[in-house]
Amino acid sequence: MKLAIAAIERLRNTRLIGANLVYVPEVDSTQSLARHEAELGASEGTIVIAEAQTAGRGRFGRRWVSPAGVNLYFTVVLRPDADRLRRLSIITPLAVVRAVRIVTGLEAKIKWPNDVLIGDKKLAGILIETVMAGDTVDFALLGIGVNVNLDVATYPEIASIATSLRTELGHEISRELLLLALFKELEQLYLETSAKSALDEWRSLLVTLGHEVKATTGNRVEEGVAEDVDASGDLILRRTNGSRVIIAAGDVTLRQ
Ligand code: BTN
């Protein structure tokens, strides 16, 4: 089944996110098409959504499995100030967790900084790309992929590490309703002026805290206990020798 774009446009109750919707049946990556749209002047909140991606991109150059008709793959064009830009990595996974809860009742969690998990399996991924114009942000591309009705067992490369809402619930979920809930939650969090409550909520959902982790940041690897996050959302790691290191960006694996 194709996404019911007309229904999404009719039921959308946001003023920014999704007000301009670009739908394509297939694209290499919604990030590339959204970049093109943004360069042509697409307004803030424009959504580029595809039924399928032939070269869906994950973080660290990984591939994002993107077959047609089962999942959500979309990119939001944003034109944030520096403050809002810093918060994207916090508010986006939070919006996904809230939308999943509203539509399905499932309680997803977050692996720092922005992987959305159910149990220890990945449900959704977020890719944030920023394009600068000199010292200021020209635009940001917020890429979101959610495994909605994917039968993960049919994709051996992710079968042991990924899940989908259908896998968890045993029945299909409306991609349209989930998308509409995502628009709403994203808009609310993006427009919020105080960052404190979102940070607290995001922090309370992190599965990473209190665990032994291995953090890869650039070409450096740090190991230790993930003690906390600071006010910017950076990860505070306690090394075995007792010293502390702040990790601003990177990938984290939980050590069992
Ligand atoms: C990750 O967890 O590694 C991030 C995955 C991001 C996937 C989404 S799907 C929509 C958008 N287009 C892409 O090519 N990637 C993002």
Quick test for you: out of Ser89, Ser66, pick the one residue that is within 13 Å of the ligand (Cβ to nearest atom), among the small types (Gly, Ala, Ser), part of a loop (DSSP other than H, G, I, E, B) and open to solvent by less than 40 Å² (accessible area, probe 1.4 Å). Ser66
Among Val137, Val131, Val116, which is the only one that is touching an Asp or Glu at 6+ places or on another chain (Cβ under 6 Å), assigned to a strand (DSSP E or B) and open to solvent by less than 60 Å² (accessible area, probe 1.4 Å)? Val131
So the check is Cβ under 7 Å with 6+ separation or different chains; which pairs have a first residue in the range 60-87 that's at negative phi and a second one that's of a type in the set (Phe, Trp, Tyr) and open to solvent by 10 Å² or more (accessible area, probe 1.4 Å)? Val65/Tyr155
Determine if the range 37-55 includes at least one residue that is near the ligand (Cβ under 8 Å from one of its atoms), in the same structural domain as Thr193 (by TED's automatic domain parsing) and in contact (Cβ under 8 Å) with a residue 60 or more places away in the chain. no
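Yes or no, residue by residue, for (1) among the acidic types (Asp, Glu); (2) part of a helix (DSSP H, G or I); (3) open to solvent by 60 Å² or more (accessible area, probe 1.4 Å); (4) at positive phi:
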residue: Leu179; (1), (2), (3), (4): no, yes, no, no
residue: Leu186; (1), (2), (3), (4): no, yes, no, no
residue: Ser194; (1), (2), (3), (4): no, no, yes, no
residue: Ala226; (1), (2), (3), (4): no, no, no, no
residue: Ile246; (1), (2), (3), (4): no, no, yes, no
residue: Val252; (1), (2), (3), (4): no, no, no, no
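The values are calculated or read from the model by the stated rules, or taken from the named source; none is laboratory data. In this text the structure is predicted, and so the values were computed from the model without any measurement. Here Cβ is always computed from backbone atoms with ideal geometry, including for glycine, and neighbour counts include all displayed protein chains. Protein only, heavy atoms only, side chains kept; ligands, DNA and RNA dropped before computing areas. Shrake-Rupley method; radii C 1.70, N 1.55, O 1.52, S 1.80 Å.
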